[in-house]
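Q: My structure is below; once you've seen it, I'll send some questions.
The values are calculated or read from the model by the stated rules, or taken from the named source; none is laboratory data. What you are looking at is a predicted structure, and each value in this text was computed from that prediction instead of being measured. Cβ coordinates were reconstructed from backbone atoms using ideal geometry, including for glycine residues, and neighbour counts include every protein chain displayed. These accessible areas exclude ligands, DNA and RNA; they are computed on the full protein's heavy atoms, side chains included. Shrake-Rupley method; radii C 1.70, N 1.55, O 1.52, S 1.80 Å.
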Amino acid sequence: MAILTPSRTTRPASAAPGRKDRAERGLRASASHWLAHPLADVFLVTVPTLILIGLGTLMVWSASTPYGQRQFDNPYYFVLRHGMFLLLALIAGAVTARIRVQAYAGVLSWVILSGTVIALALTFTPLGYGVGGNKNWLNFGGSNTMLRLQPAEFAKLAIVVWGAAVLSTKRKLLGSVKHVLMPFVVFSMGLIGLVVLQKDLGTAIILALLMLGMLWCAGAPLRVISLLVALFGAGTAALVYLEPNRMARILGFLDPTADPTGINHQPIRALYGLATGGWLGVGLGAGRQKWGALSEAHTDYILAVIGEELGLLGTLIVFALFVALAWGGFRIAVRSSSFFGRLAASGITLWLTLQALINILVVLQWAPVLGVPLPFVSYGGSAMLANVMAIGVLVACARDEPGAIAWRRKRAKRKAPSRRFSTVLPGRRPS
């Protein structure tokens, strides 16, 4: 008779946690722990923004070198000016991030709106300056591009910040059409009208979408939003029909092979650049389309240069950074402690992601040419300044989250000097 000895039972291979499973669980735990930090949202929006700015500066240098050499006999002409505006934008962004949310929700929102309206109106005076058929610049220094400003870029910030302040004040009255229309819709349509008179239809479309998005986020009646959508759709169709150049862009979009040396020249060259890049690109600085074929290489079509020189991988990295920025922005909106913060964070995130999406669709020839730059990446001082200031407001909203407020108060108490070991001078009573 054999003696039965207890044998060591082994777990099935599928049940035993492997190194890969443990690593995945550890990674998820670390990510959850990091995202639970009170200031995690600040990093979720600032880190993608800074990476996009750094990549954009590098690509502006690469894309603008031939044009700068040809036009100004200086290959670094555009990147130097881009760097100057970037420095100013970072300073302005740091200032806007330190301002309390309550100040934005108060009188500061009206200051932003008033300043934007005045600046837009000044474009119709002798200070106005036209670029590409659009008279939407203010020229303060003759031929010096450092002293030019595009007020329409700041109109986006005005609609978001001022709109959030007004809609949060009227939160309980938004069921009434009268309170929805006045003053938010009326004033916003005034801003859009000024931009339309400047013949900048692309920016006007973004402003209209921002206005509709703010109404949606605030919970305005759907009948009002639907009516405004129909009104803007009819107005856009009329503006396109009455302007031959805009109509030509629509017809060129509908027939991408038509007029390859005219209206479809830029879209076709952009696709050539993207197709040439392959997976990893031809190398930084080695792109060919920027040498005269793609005339807007450093502005509206900089994504085509990224696709050509950094390949599909570089393009996907840009997409991923905008997705991360959008996720962080909407996370701030959900976690904000005030209705103003939720609206402002939603509006800024909607603005930046919508503009990025429109630019990407245009470069991929999935949308007609609108003349919209890629946020943080394209060359443009006014756009960079307005975009970074918007991120500053978004950071201010993140700092106003309940967890962030409690964390700062707790940290302040730790830094406060302890009175337990304070000495009392002879002849004085302890205070």
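Q: Please list 3J(HN,Hα) in residue order for the stretch 210-215, calculated via the Karplus relation 6.51 cos²θ - 1.76 cosθ + 1.60 where θ = phi - 60°; whole Hz, with x for glycine and proline.
A: Karplus values, whole Hz, x for Gly and Pro: 5, 4, 5, x, 5, 5.
Q: Length gain on complete extension for the stretch F330 to K178, per 0.36 nm per residue less the alpha carbon to alpha carbon distance? Working shown, then result.
A: Values: separation 152, 0.36 × 152 = 54.72 nm, distance 2.89 nm.
Additional length available on full extension: 51.8 nm.
Q: Which lysines have a Cα less than 25 Å from the Cα of K178, not counting those fewer than 8 places away in the same chain?
A: Counting by Cα, and skipping residues close in sequence, K178 has these lysines nearby: K156, K170.
Q: Assuming 0.36 nm per residue, please report the length gained on full extension of the stretch Y272 to L122 beyond their Cα-Cα distance. Present the calculation step by step, with values, prior to reporting the outcome.
A: Working: separation 150, 0.36 × 150 = 54.00 nm, distance 4.03 nm.
Result: 50.0 nm gained on full extension.
Q: Determine how large the accessible area of L239 is when every protein chain is in place; take a 1.4 Å probe and give Å² rounded to the nearest 10.
A: Answer for L239: close to 60 Å² accessible.
Q: With point charges of +1 on the Cβ of Lys and Arg and -1 on the Cβ of Asp and Glu, referenced to the Cα centre of the chain, which listed residue (F78, A248, I51) lies farthest in the positive direction of the dipole?
A: Checking the options against the dipole of the chain, the answer is I51.
Q: Which residue fluctuates the most in the chain, going by a Gaussian network model with Cα springs under 10 Å, if the choices are R25, R246, R269?
A: Result: R25 has the largest fluctuation of those listed.
Q: Find the relative contact order for the stretch 104-230 and round it to a whole percent, using C-alpha pairs within less than 8 Å whose residues are 6+ positions apart.
A: Working: 141 pairs, mean separation 31.3, N = 127.
For the stretch 104-230, the relative contact order is 25 percent.
Q: Straight-line reach only, C-alpha to C-alpha below 16 angstrom: list the aspartates and glutamates that K199 could link to, leaving out same-chain residues fewer than 8 apart.
A: Candidates past the 8-residue exclusion: E153, E243.
Q: Does the stretch 133-289 come out rounded, prolate or oblate by the C-alpha gyration tensor, with a ≥ b ≥ c the root eigenvalues, rounded set by a/c under 1.5 and, if not, prolate when a/b is larger than b/c and oblate if not?
A: Numbers: a/c = 1.99, a/b = 1.74, b/c = 1.14.
Here the stretch 133-289 falls in the prolate category.
Q: On full extension of the chain, what length is gained from K135 through A258, given 0.36 nm per residue of separation minus the C-alpha to C-alpha distance?
A: Contour length minus Cα-Cα distance gives 41.4 nm.
Q: A further question on this structure: Of the listed values (1) 39, 28, 19; (2) 42, 34, 25; (3) 41, 24, 19, identify the label whose number matches semi-axes √(5λ) of the Cα gyration tensor in Å calculated from this model.
A: From the options (1) 39, 28, 19; (2) 42, 34, 25; (3) 41, 24, 19, the structure gives (2).
Q: Would you work out the charge dipole size for the stretch 268-412 about its Cα centre, treating the Cβ of every Lys and Arg as +1 and the Cβ of every Asp and Glu as -1, and quote it to the nearest 20 debye? It would help to have the intermediate numbers written out before the result.
A: On the way: 11 positive and 6 negative charges, 152 e Å.
Around 720 debye, computed over the stretch 268-412.
Q: With label points built 7 Å along Cα→Cβ from the Cα atoms of H265 and A293, find their separation and express it in nm.
A: Here the modelled spin labels are 1.4 nm apart.
Q: With the crude spin-label approximation of a point 7 Å out along Cα→Cβ, what separation in nm comes out for A367 versus S338?
A: Roughly 3.2 nm, to one decimal.
Q: At a threshold of 8 angstrom on Cα-Cα distance, excluding pairs fewer than six apart, so keeping six or more, what relative contact order does the chain reach in percent?
A: Numbers: 571 pairs, mean separation 104.2, N = 431.
Computed value for the chain: 24 percent relative contact order.
Q: Under the rule a/c < 1.5 gives rounded, and otherwise a/b versus b/c splits prolate from oblate, where does the stretch 246-336 land using the Cα gyration tensor?
A: On the way: a/c = 2.81, a/b = 1.44, b/c = 1.95.
Note, shape of the stretch 246-336 comes out oblate.
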